[in-house]
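Have a look at the structure below before the remarks.
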Amino acid sequence: MKRRTFMMSAAGAAAGMAILPRMSFAAEGVIDWYTSSDSNILDFWTNIVKPAFEAAHPGVTINLVDAGDGAGIIAISERAMAAKQTNTDPQADFFESADPLLPAGAIEAGIFVNIKEAGLSNYSKLNPAGIQSDYSLPYRGSQVLLAYDTTKLDPADAPKSWDDLVTWIKANPGQFVYNRPDKGGSGGNFVRRAIHQANGLDPSMFTVDNYTQEFGDETLGKAWELLKDIAPSLYDNGAYSSGNTQSIQLLSQGVVTMVPVWSDQVLQAIDQGVLPDTTGLVQLQDLALVGGFTRSVVLETGTNRDAALQLADFMLSEEIQSAILTELGGFPGVSWDHIDPELRERFADIVPQSIPTFPGGAWEAAINDGWYRNVAPNVDRNS
Amino acid sequence: MTELAEGGARPLIEKTGSRRPTGLLLVAVPVLLMAWLIIWPIFNAFARTVWRPDADGDYGFNLSSYVFFFSDQYSINNLTITLWTTGMCALLLLVICLPIAIYLRFSHGRLPAYVQALAIFPMFVPSIILAYAFIRVLGPNGMVDILLNSVGLPKIRTPYLTPWGPVIGLVWDNIPLTVLILLAGLGSVSNQAIEAARDVGARRLQVFWYIILPRISNSVLVAISFAVLGIFSSFTLPYLLGPASPEMMGPFMNRTFREVNDPLNAITQAVITFCFCIAFGLFYVRSVARNQGK
């Protein structure tokens, strides 16, 4: 009995060891693709982009992988940097959404393709407003706006400026909620809009490399005061949902009347019946809520670098850019001149004239930490 | 391996004084794996927080990240809410699971089988599913509210996004393990002992207090330390159901590491969390050792 048990566990251990350190190599012709976006984007790639691209490029397939969040993509980039030092395969070719500035030194290490120089035939069509770096490709955009329940709030009375919004929130305590800024862009960009509000509605004040402790404390400090001011009038005396989806859930359950949402996510939610047809959308007119372009990055060291660049070029084609409008509810990364006039007409409403943006980098960490320390705890929830 | 060939003829229970290395070999793989994946990172993490470069890049002994943690009211609040949640869960688990386990031990038939299946059921539900189910049932305008509303009662004060959210979720999640351990412990309570106590006139509470509890105190300790270890560093349920602030150590560490890009403070938080867990772990080890000594 004992011997048999021993043999069995020894065999099991040996088998385990044989499986454990097995190396895997990226396959030629299979683009390893990662995203940090929400599942609606993954669905869009799975159902629209992947079949179209694979049909247009026989022999090349895309392996779609959800990296979870931005930090997940950064971890894969760090792995690619380490792999480059030993000339090994990073097992990654294409990041659907990434900031080439993170992790620090990635561009210098040479793991990302300089897309501007890569000779993409469609590169010149890009909307210049979206280009932030030569190493990333702003292929789609979306913006945060306010979604509300028209059965409780007449569209004629929907707030059109920040001050109106604050007045409305205070007049209707418990009817507004935004998510924690680090847990989803809808709440995150609502917080950034408050930062713009506190600092003279001038998005150009904040750039990716002008964060200093002093400047940050001063500018962000003013925004925390604004947010603390409305906190007691939020849902449940100052509760914050833990993500974009949870905010939409609270709106759909009729718990709150208004939430900030991503344009693409809310249009899809209405389309799928998650939110009723009576959902209204409104954008602030004094300065729109922050939005942004999603930028893709191609890995220089990936096995399928050239195929991944073909994919990048394909993303700017009219076929996909139109699908971003019609299927995703986002807005295109290319300039409007390169969009079918008919579509241009149809989506005139959700297309913003200007898209205020907010830089990432050090600002992001400062906002994430500052909000939790200053805004989140400062409410006596039991009062 | 020649020793092994002789092993087959050995009696089932070892009586000779000579110990063979077979046992040690069997545990070697898990022990090495634990040393590599758990113990080494712990020492590594601890060393990296106390022995690190200062502003000039010179390595030296530095406790400033710990000083920061314990002088920072925000971090202290997070630690406090974690201890409160853990304590509250342990208490509720005992209050809920002891009666279930005693019922299952002393009753027969089909109904207890169903009760047991129901008590074990949470083990098969992933916590993320549990969290969303919780929101739909106990959340604002959830199923409970709808039911209450249909009979004309006021809505409940929802525990969603309050400290009670994670408590309810974690208790539900930990019921199976606690019930199973307590049930195993109750196996050592003999029916004769209880019948004897009844014969001399002991009431139910006296039977529980003087006969059952002393027998299972060890199991209670084990069950609680198991639950506490898991709850203290839990992530998913506090993250999805709890308030933005104060947050439990699990989400706090994760956020500090990923969103604030501050590995040093995240590791410091992890070491502090580990120190609390090791204290609970020692309870467990001590009770097991005491049991073996008997």
Most positive-pole-ward Cα, A:Tyr211, A:Ile248, A:Leu289, against dipole of segment A:194-326 from beta carbon charges
A:Ile248
Stokes-Einstein diffusion coefficient of chain A, Kirkwood radius over Cα pairs, 4 °C, 1.567 mPa s, in µm²/s:
57 µm²/s
Helix A:185-198 versus the longest principal axis of chain A: what is the Cα-based angle in degrees, 0 to 90, to the nearest 10?
50 degrees
Average silhouette area of segment B:74-293, convex hull of alpha-carbon atoms, in square nanometres:
15.7 nm²
Helix A:162-171 versus the longest principal axis of chain A: what is the Cα-based angle in degrees, 0 to 90, to the nearest 10?
70 degrees
GluC sites (Glu not before Pro) within segment A:76-176: which are DSSP loop residues with at most 12 other Cβ atoms inside 10 Å?
A:Glu117
Can you pull out the chymotrypsin sites (Phe, Trp or Tyr not before Pro) in segment B:235-294 that DSSP calls coil and that have at most 16 other Cβ atoms within 10 Å?
B:Phe235
For A:Ala27, net neighbour charge (Lys/Arg +1, Asp/Glu -1) across residues whose Cβ lies under 12 Å away:
-4
If I model a spin label as a point 7 Å beyond the Cα along the Cα-Cβ vector, how far apart are those points for B:Tyr210 and A:Thr151 in nm?
6.4 nm
Given 25 °C, 0.890 mPa s and a Kirkwood radius over Cα pairs, the Stokes-Einstein diffusion coefficient of segment A:118-201 in µm²/s is 154 µm²/s
Segment B:164-243 - Rg and Dmax from Cα coordinates, angstrom
16.9, 53
Chain A: most fluctuating residue of A:Phe176, A:Phe53, A:Phe293 per GNM, C-alpha cutoff 10 Å:
A:Phe53
Can you sort B:Arg290, B:Arg258, B:Arg215 by how many other beta carbons sit within 10 Å, fewest first?
B:Arg290, B:Arg215, B:Arg258
Expressed as a whole number of Å, what is the distance separating the alpha-carbon centroids of segment B:247-294 and segment A:147-209?
38 Å
Once you have the alpha carbon radius of gyration of the protein assembly as shown, what is it after dividing by 2.2 N^0.38 Å, with N set to its residue count?
1.13
Taking the Kirkwood radius as the inverse of the mean 1/r across Cα pairs, report the Rg/Rh of segment B:186-285.
1.26
In whole percent, what relative contact order does chain B give with Cα contacts below 8 Å and a gap of six or more residues?
22 percent
Order of B:Thr49, A:Thr257 - criterion: other Cβ atoms within 10 Å of each residue's Cβ, fewest first:
A:Thr257, B:Thr49
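Read-outs: derived from the displayed coordinates by stated rules, not from any lab. Since the model is a prediction, treat every value here as computed from it, not as a measurement. Heads up, the Cβs are rebuilt from the backbone with ideal geometry, glycines too, and the neighbour counts pull from every protein chain shown.
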